[in-house]
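Reviewing the structure listed below.
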There are 2 protein chains.
Amino acid sequence: MCRGPGAARLILGDELKGERETHDNEEFETRGVRSVTTIKDIAKSAGVSVSTVSHVLNGYGDIGQETEKRVRAVMKELNYHPSALARRLVRKRSYVLELMLFSVEGLRHPFFYEVICGVTAEIEKAGYDLVLSVRDTRDRRWRECLRRCYESKVEGLFLMGTLPGRAMLEEVASSRIPTVLIDIPFEGSKMTYVTSDNAGGARAATEHLISLGHSRIAFIDGHAPSAISEERALGYRQALANHGIPLDPGLIASGNFTQEGGRTAMKRVLEASPDVTAVFAASDLMAIGAMEALREAGRKVPQDVAVVGFDDIEAASYVRPALSTIKQQGETMGRSAAREVLKLISNPGRQPKKIVLPTELVVRESCGAWLNSSEGGGVRAQGLS
Amino acid sequence: MCRGPGAARLILGDELKGERETHDNEEFETRGVRSVTTIKDIAKSAGVSVSTVSHVLNGYGDIGQETEKRVRAVMKELNYHPSALARRLVRKRSYVLELMLFSVEGLRHPFFYEVICGVTAEIEKAGYDLVLSVRDTRDRRWRECLRRCYESKVEGLFLMGTLPGRAMLEEVASSRIPTVLIDIPFEGSKMTYVTSDNAGGARAATEHLISLGHSRIAFIDGHAPSAISEERALGYRQALANHGIPLDPGLIASGNFTQEGGRTAMKRVLEASPDVTAVFAASDLMAIGAMEALREAGRKVPQDVAVVGFDDIEAASYVRPALSTIKQQGETMGRSAAREVLKLISNPGRQPKKIVLPTELVVRESCGAWLNSSEGGGVRAQGLS
DNA sequence: AGAGTTGGCTACAACGTTGTAGCAGGGTTT
DNA sequence: AAACCCTGCTACAACGTTGTAGCCAACTCT
């Protein structure tokens, strides 16, 4: 019996009670969207053709001064705004980019926020809209998201967070939508990624400790299979090697990227190597845990043991002593990612280019740099990568 | 000489070098957007009319089984995805909501992130897209943003952060776009707001301290002209009044919502009222500052002085002792805001309803609740409001 | 057998733009 | 005076859908 969705349409009671402010109700309203002035209304009202209005709108420069002035006046008077929808349809471009953020519970890292700011800043200049989609990593329905991208003819994609799996990455790659992954190493024919120089950052952190006179430097690792973990470990080893300091397995422990893990890792290191004078942790959370363990063990930070973390989470600056750390340039990453996507869009032949950005060493209190120098915490130095 | 923008179109060199993966290149590409299969292709390929395909797509239920199967097969085979753009144009609905976030440098509060998660979760269910726009509060070009909203025929709006000014609020109100402000008290004919029960939260915090036996409870205020500040102060006074505890101006100081401000405010209170045994700060940042001041003054938290904050910033759980605080239910706020906007859209006659959500008391270590009970930090109790 | 009903399909006019092609008419060149 | 070129405008066919109206055949009633 159902002859189309029209049959199911609800007639909604229009109870217009409570009009505290009597607005001029010249606008006719349909469900949801106001019936709005179109280019035709302008044309009729100005006594010209639709084409003429369009040409004024798009600056063809072939309309007489008088006419243009009249058309513009009418547009203003009728409060006309050209429909992006119609324009996009006829131009066969959606002017929409999508950012999909896959997060796991508890991961509310300001880094994401910074990346988003960078992305929006850059693409707005180019006239694109950013649609945002946030999903839980464990949510199985990521295909649903992609379907929406296809239907919206999304022109470019940003993927960020902890993706639901490799299958998704491959599906996106085969979709041929220009894509830039944020801090997820994967490449395809229209797909590349931006990342921080993790090894370089770790090297800078370790070398900073070395430059402060330390040689018994512990390393608190993340967890083995993670690429990020490995790169940061590599940087640590490189720094030691560069300065002829032997690698001591008794100074290395895994903290599994958690605060509690950092604490127990530090305890193990203290037991195995009581002569430790500095710690580089592969994440701030672990560094904070390590500081707790040090305090419990009666070691003063930074006087007895210097600590440097990685990430620059919000807490790093509130913890006492404030944590020196390696900061990823979130906004810059967002901007770079956006620029790369825009290039990929405007130049379909382009070979996607992977981008590695330098990190920044943020010197606060926990590394004890201020014990030697005259100034307090908060000084920033560009990490050499 | 310029006969339209077509004349200015660039011919981009299509250097297709470096095809590491030889994809099947059956798709013809134009600038930016791939030429994609349309409903016509499906119709032709399946030997039916465009209408038939459309009817299959929209489940009119008036298409024969055999035909439907064939059409669906062709759709799958040609990897067809109906154009949302065209659909939206003909349906006169954009299915787009916009969230504008105005932030000032440094305000990277996880609260925003939670709200966004709530909003996206709720509107995706309803088939809407969320376009996100982040701007600096000091950026004068907010009219530009609104123009984009008009052109995109945005159906609903969320405003969050520190708005550039009242003028904007009024402009949005007169635009008649259904709007929900996040934690910004302002109402209009199609506009309302969601907020937390600041007074109730402050009351819960203060009463929690009272229930732990305190009566010399300091209050560290934000800054006077702020509505949030006032509400939280009100809650503090209510709690005291409810329990017959006299209000002592010597226990109140303003911390200007900063960490440093919290520290100096605490110092002033310690001087004026050395017998203070508990502190409620109107923000976590100030609470953290207050804890520093207490430590410097040789007072132990929570043994000598109990501390409760407000906001539940990320740092609250990393600081030691971990900070007990009042948490705004960001995700719930986002969800509520979204639901209200959706209602406003589907029922144009609706009177916008302001929403006040209860806050949550998060008991950690700084208030000393665990000194009395058997369990440690991290317990959550629903704030009574 | 004629009238009515139903199932399964299609034609067509929107929706609000854009951009190309073209057309007057006035001017300037040969 | 014929040939051209500008300037200022308009007609029209797209763009990819939707939803209504309607059509034809095949049934089911009387």
Discussion item. Given N residues in the protein assembly as shown, what is its alpha carbon radius of gyration divided by 2.2 N^0.38 Å?
Written reply: 1.07
Worksheet item: Across the residues of B:183-190, average count of Cβ atoms on other protein chains within 10 Å?
Response: 1
Fill in: Inter-copy label distances at residue B:223 (7 Å, Cα→Cβ; nm, one decimal)
4.4
Discussion item. Let me check I've understood the local charge: for residue B:217, count other residues with C-beta under 15 angstrom from its C-beta, Lys and Arg +1, Asp and Glu -1. What total comes out?
Written reply: 0
Fill in: Per-selection metrics, the stretch A:254-329 (Cα): Rg and Dmax in Å
11.1, 36
Item to complete: Would you please give the residues with an amide H less than 5 Å from that of residue B:134, counting only those at least 5 places away or on a separate chain, with H modeled from the backbone geometry?
Response: B:101
Item to complete: Quick one: which residues, 5+ away or cross-chain, put their amide H under 5 Å from the amide H of residue A:181? H built at 1.01 Å from N.
Response: A:159, A:192, A:193, A:194
Worksheet item: Antiparallel as a % of all DSSP beta bridges within the stretch B:154-289, to the nearest 5?
Response: 5 percent
Fill in: Computed lengthening from residue A:356 to residue A:238, 0.36 nm per intervening residue step minus Cα-Cα distance
40.7 nm
Worksheet entry | Prolate/oblate/rounded call for the stretch A:106-163, Cα gyration tensor, a/c under 1.5 rounded | oblate
Practice prompt. Could you work out how far apart the two model spin labels at residue B:223 and residue A:247 are, taking each label as a point 7 Å from the Cα in the direction of the beta carbon, and quote it in nm?
Written response: 5.2 nm
Worksheet entry | Amide hydrogen neighbours beyond the local backbone of residue B:279, cut-off 5 Å, H modeled | B:218, B:306, B:307, B:308
Item to complete: Round to the nearest 0.05 the FRET efficiency obtained for residue A:137 and residue A:65 when R0 = 41 Å and r is the Cβ-Cβ distance.
Response: 0.10
Worksheet item: When you count, for each residue, the other Cβ atoms within 10 Å and take the mean per peptide, how do A:191-204, A:41-54, B:286-299, A:58-71 rank with the highest first?
Response: A:191-204, B:286-299, A:41-54, A:58-71
Response to the item:
The summed charge of the residue B:237 Cβ neighbourhood (under 13 Å; Lys/Arg +1, Asp/Glu -1) stands at -3
Worksheet item: FRET efficiency for residue B:72 and residue B:126, Cβ-Cβ distance as r, R0 = 30 Å, nearest 0.05?
Response: 0.70
Worksheet item: For A:357-365, what's the mean count of beta carbons from other chains sitting within 10 Å of each residue's beta carbon?
Response: 0
Worksheet item: Give or take rounding to whole Å, what are the principal axis extents of the alpha carbon atoms in chain B, in descending order?
Response: 87, 55, 50
Item to complete: Kindly work out what percent of the DSSP beta bridges joining two residues of chain B are antiparallel, to the nearest 5.
Response: 20 percent
Worksheet item: residue A:57 label points, 7 Å along Cα→Cβ, one per copy: pairwise distances from this copy to the rest in nm, shortest first?
Response: 2.3
Worksheet item: If you put a point 7 Å past Cα along the Cβ direction, how far is that point for residue B:349 from the same point in each other copy, in nm, smallest first?
Response: 6.2
Worksheet, complete the sentence: Cα-based Rg and Dmax for the stretch B:66-168, in Å, come out at 18.5, 61
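Arrange B:113, A:80 by Cβ neighbour counts within 10 Å, fewest through most, would you? Kindly include the intermediate steps, with their values, before the conclusion.
On the way: B:113 24, A:80 21.
Arranged by neighbour count, lowest to highest, B:113, A:80 become A:80, B:113.
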Worksheet, complete the sentence: Of the listed pairs A:153/B:40; A:190/B:76; A:190/A:354; A:327/B:327; A:92/B:40; A:300/B:267, those with alpha carbons more than 20 Å apart are A:190/B:76; A:327/B:327; A:300/B:267
Fill in: For chain B, calculated [θ]222 nm from helices alone, where every DSSP H run of n ≥ 4 adds -39500 (n - 2.57)
-12000 deg cm²/dmol
Discussion item. Please compute the average number of Cβ atoms from other chains found within 10 Å of each residue's Cβ in peptide A:81-91.
Written reply: 6
Fill in: Exposure proxy ranking, count of Cβ atoms within 10 Å, fewest first, for B:163, B:234, B:251
B:234, B:163, B:251
Worksheet item: For labels at residue B:295 and residue A:151 in the simple 7 Å Cα→Cβ model, what's the distance in nm?
Response: 5.3 nm
Practice prompt. Give the shape of the stretch B:101-242 as rounded, prolate or oblate, defined through the alpha-carbon gyration tensor: a ≥ b ≥ c are the square roots of its eigenvalues, a/c under 1.5 means rounded, and otherwise the shape is prolate if a/b is larger than b/c and oblate if not.
Written response: prolate
Worksheet item: Given the protein assembly as shown, what percent of its DSSP beta bridges are antiparallel, to the nearest 5?
Response: 20 percent
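Every number here is computed from the coordinates shown, using simple stated rules; none is lab data. Since the model is a prediction, treat every value here as computed from it, not as a measurement. Every residue, glycine among them, receives a Cβ derived from its backbone with ideal geometry; neighbour counts consider all protein chains shown.
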